[in-house]
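I have placed the structure first, in the form of structure tokens, so that the comments after it can refer back to it.
The values are calculated or read from the model by the stated rules, or taken from the named source; none is laboratory data. Note that this is a predicted model, so its numbers are computed, not measured. What goes into the accessible areas is simple: the full protein's heavy atoms, side chains included, and nothing from ligands, DNA or RNA. Shrake-Rupley method; radii C 1.70, N 1.55, O 1.52, S 1.80 Å.
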Amino acid sequence: MYDEEQHPGRPDHGPLAGFTVGVTAARRADELGALLQRRGAVVLHAPALRIVPLADDGELLAATKEIIDQAPDVVVATTAIGFRGWVEAADGWGLGEQLLGRLRSVALLARGPKVKGAIRAAGLTEEWSPASESLAEVLDRLLEEGVDGRRIAVQLHGEPLPGFVESLRAGGAEVVPVPVYRWMPPEDLGPVDRLLDATVSQGLDALTFTSAPAAASLLSRAEDRGLLPELLAALGHDVLPACVGPVTALPLQAHGVDTVQPERFRLGPLVQLLCRELPGRARPLPVAGHRVEIRGHAVLVDGELKPVPPAGMSLLRTLSRRPGWVVARADLLRALPGAGRDEHAVETAMARLRTALGAPKLIQTVVKRGYRLALDPATDAKYADA
């Protein structure tokens, strides 16, 4: 029987070792990918959208001139990259100093610390910023102060923010949208399609989202390919959807997908959340005196990471669904991707699996019947009805 004291865990791998995580982010994807890889994950990155700056866009130029010519009462800055892009675009048009001068004379609200930093880097000072980094809190403050008859400029961040803008207009405000950049589908759809294929085939353990437009774009692409039902099924069961915050999760929730989110809406806490959630989904089994934990593309045996080929993982997952029970060769053959009808494929894959695990006795051959995980006798009853 497995004894924790005889087989202490060896922390020679990160908490995400053995797991594959998909990244849909367009910006800061490198940072998120590095955080995940540092903790042992294999990362599959495919930007679900691209950011199109509007430095040459007539709409942004017109909004900038309107604000310079007719001062708003309030300007709401929603993202650091958007605010910086706006100031840089104004500089390019020769309107930079005029815009900054106008912004010094109005109530400037920042959605969070990053935007506050961008405002101060431009030599400006915000009047107020919520501790929660929530645009909803900004809206609540404006509505509590009263917006009837006030002119409010809102720097958009890639999507029109209809709920925010409509609420202000319903309160009697005149809203001036400032569209600094837009989200568009990626020019090359190949990586997104590969990410979708990996998700629906359970080749991923988790899929991360850092913006609502990215989530909406991936859902839209899945629908275009006729894969939306399969994607929603995967995200509802085998693949963990992790969002950086509640706003990002909205497109998924609209399709009935439950997501996990960190308490603080940052990349670091998002990665820490995955470090807790993914290992927690891998059920440890006491097998032949060892502690076995089956992860996405690898297995922990007594705390030691053992990479396993895809065919071997398919066999191991099939055996682990009813640990201790005999699984027929025919059933194992069906679990092997592209194995055809030759049951010798099972024997070959099983031999490679045992070699990869480094502990051949974990899986027993039951003559003329099939194979079983050698669950420790004292735990057989616990899993008998699993």
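Brief remarks on what is shown
- A P(r) calculated from all alpha carbon pairs of region 24-105, with 10 Å bins opening at zero, reads 15, 37, 20, 18, 9, 0 percent.
- A full extension of the chain between VAL367 and ASP224 corresponds to an added length of 46.6 nm, given 0.36 nm per residue minus the alpha carbon distance.
- Rg over Rh [alpha-carbon atoms, Kirkwood Rh] for the chain: 1.11
- When the helices of the chain are scored as -39500 (n - 2.57) per DSSP H run of n ≥ 4 and the total is divided over every residue, the value at 222 nm lands at -13000 deg cm²/dmol.
- Qualifying lysines (Cα of each under 25 Å from Cα of LYS65; at least 8 residues distant if same chain): LYS116
- Hydrodynamic radius by Kirkwood, which averages 1/r over all alpha carbon pairs of region 245-386, in angstrom: 17.0 Å
- Accessible area in square angstrom per residue, the chain, 1.4 angstrom probe: 47 Å²
- The chain - percent of accessible surface contributed by carbon and sulfur, probe 1.4 Å: 50 percent
- Gyration tensor (Cα) of region 56-175, equivalent ellipsoid semi-axes in angstrom: 21, 16, 13
- Inverse of mean 1/r across different Cα pairs in region 149-259, Kirkwood, Å: 15.5 Å
- Distant-in-sequence amide H partners of LYS306 (H built 1.01 Å from N, under 5 Å): VAL299, LEU300, VAL301
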